[in-house]
1. To the nearest 20 debye, what charge dipole does segment 40-183 have about its Cα centre, counting +1 at the Cβ of each Lys and Arg and -1 at the Cβ of each Asp and Glu?
2. Report the equivalent ellipsoid semi-axes for segment 93-183 in whole Å, largest first, defined as the square roots of five times the eigenvalues of the gyration tensor built from alpha carbon atoms.
3. Helix-only estimate, please: 222 nm mean residue ellipticity of the chain, summing -39500 (n - 2.57) across DSSP H runs of length 4 or more and dividing by its residues, to the nearest 500.
4. Taking a quarter of the surface of the Cα convex hull of the chain, what do you get in nm²?
5. With labels modelled as points extended 7 Å from the Cα through the Cβ direction, what inter-label distance (nm, one decimal) is found for THR23 paired with VAL142?
6. Dividing the convex hull volume of the alpha carbon atoms of segment 64-122 by its residue count, what do you get in Å³ per residue?
7. Rounded to the nearest 0.05, what FRET efficiency is calculated for HIS54 and GLU157 with R0 set to 41 Å and r the Cβ-Cβ distance?
8. Give me the extension gain from ARG39 to THR135: residue separation times 0.36 nm, minus the current Cα-Cα distance, reported in nm with one decimal.
Amino acid sequence: DRAGWPHENLPRRPDIVIGDLDTLGGLPAQPHPETQYIRDDDQNTTDTEKALTHVTSLGCSEALLLGATGGHLDHTLANCALPERFAEQINTVLVGDFGVTMRVPAGPSAHWNLPVGTHFSVMAAGRPVSNVTVTGARWPLVNDEIVWGGASTISNEVVDSPLAISSGNGPLLITVRFAHSAV
């Protein structure tokens, strides 16, 4: 509910502000007539989860979460779980200051035509994932296992496009860094 606050400073006013509205201190004294405010007091879900649940109920098939890696590590970690948690309902892409993160389901190779030199990371989406193959990378993998928190797949680099990633038994998260990112 606080993303982009004050909303008047955004390039475009939000159509909907959803959440428990605790960080806003409740509804604004004079709500903007073009913005719908939806209050959901459930403290067992984050405001981002509330938003994903709402847009899936509207029939949306993809969500682009801007600022998903914001200033709070706990929120960032919770957001990293959302592509997997909502995988059956919606394709969720996380966008932060330095790149994008998306879910790659188990199965045949997913391919990306990324420029040579692009940095990327591959992580397990929770549980260990075996039979992971990554080609077109400085440090390729062939039928390897990736576990949550494993460092062997962090900060890899595209050396031959297209980059191809496949896994045999579980979903992965791939983060592709923006070209301007030096981190």
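The values are calculated or read from the model by the stated rules, or taken from the named source; none is laboratory data. Here the structure is a predicted model, which means the values were calculated and not measured. Every residue, glycine as well, gets a Cβ built from its backbone with ideal geometry; the counts of neighbours run over all protein chains shown. Just so you know, the surface numbers come from the protein's heavy atoms only, side chains and all, with ligands and any DNA or RNA stripped out. Shrake-Rupley method; radii C 1.70, N 1.55, O 1.52, S 1.80 Å.
1. 420 debye
2. Equivalent ellipsoid semi-axes, largest first: 19, 14, 11 Å.
3. Calculated from helices alone, the mean residue ellipticity at 222 nm is -4000 deg cm²/dmol.
4. Details: hull surface 46.0 nm².
Result: 11.5 nm².
5. Between THR23 and VAL142, the label points sit 4.7 nm apart.
6. Considering the Cα atoms of segment 64-122, their hull volume per residue is 105 Å³.
7. 0.60
8. Numbers: separation 96, 0.36 × 96 = 34.56 nm, distance 4.61 nm.
That pair, ARG39 and THR135, stretches by 30.0 nm at full extension.
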